[in-house]
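First comes the structure, then the notes that go with it.
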Amino acid sequence: MATPNKRKPMAEINVVPYIDVMLVLLVVFMVTAPLLMQGVKVDLPQAPSAPIDNKEDEPLIVSVKTDGTYYLNLGQDQQAAKPLKEITDTVSKVLRQKPSTPVLVWGDTAVPYGTVVALMTELQAAGAASVGLVTDPPKMR
């Protein structure tokens, strides 16, 4: 009588499929990370400046395009232009809940100086203690 072929159970885990999944996830995250940029695309002015120290609170970013339209990085449709009154009301509500929230302005280089100053004044009237201007670092030649 032939004895049945008995095998010992393996106690090893095959990690090759897990490595494949990890590499696929790495590629997906590398592709999507640049797309998670906040705000509306504007041509920021170049200036040497220091980065923001406060990393705890997500900043409110108000963008101003060349045509004078305003955008806020909060809410459902961040790519839709909003009136200044709606933006200041929203900023005021957020600052009442979290007063330490930084408020930043992304102004296109072609936007008139007066438009940016008027926006900053409205944001300060809405409760922002200080309003920061976002710039691009100068390009190395």
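Figures for the structure shown
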{"item": "Those residues of the stretch 64-84 which are loosely packed, with under 11 Cβ neighbours inside 10 Å and within 17 Å of Q124 (Cα to Cα), in sequence order", "result": "P83"}
{"item": "Residues satisfying the stated conditions in the stretch 85-107, i.e. more than 17 Å from the chain's Cα centre (by Cα) and surrounded by 18 or more Cβ atoms within 10 Å (Cβ to Cβ)", "result": "I87, T88, L95"}
{"item": "Condition met for K55 (modelled with pLDDT under 80 and more than 17 Å from A128 (Cβ to Cβ))", "result": "yes"}
{"item": "Residue count for the stretch 79-107, restricted to those that are in a loop (DSSP other than H, G, I, E, B), free of Cβ contacts under 8 Å to residues at least 40 places away in the same chain and within 19 Å of D57 (Cα to Cα)", "result": "1"}
{"item": "In the stretch 108-131, the residues that are closer than 20 Å to D57 by Cβ and surrounded by fewer than 16 Cβ atoms within 10 Å (Cβ to Cβ)", "result": "Q124, A129, S130"}
{"item": "Subset of the stretch 60-78 (residues that are at pLDDT 85 or above and assigned to a loop (DSSP other than H, G, I, E, B))", "result": "K65, T66, D67, G68, T69, N73"}
{"item": "Residue pairs meeting the criteria (Cβ under 8 Å; at least 6 apart or on separate chains; first in contact (Cβ under 8 Å) with a residue 60 or more places away in the chain, in the stretch 115-141; second hydroxyl-bearing (S, T, Y) and surrounded by 13 or more Cβ atoms within 10 Å (Cβ to Cβ))", "result": "L123/T88; T135/S49; P137/S49"}
{"item": "Enumeration of residues in the stretch 128-141 that are in contact with a strand residue (DSSP E or B) (Cβ under 9 Å, 6 or more places away or on another chain) and outside any strand (DSSP E or B)", "result": "A128, A129, S130, V134, T135, P137, P138, K139"}
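The values are calculated or read from the model by the stated rules, or taken from the named source; none is laboratory data. What you are looking at is a predicted structure, and each value in this text was computed from that prediction instead of being measured. Positions of Cβ are backbone-derived with ideal geometry, glycine not excepted, and every protein chain shown enters the neighbour counts.
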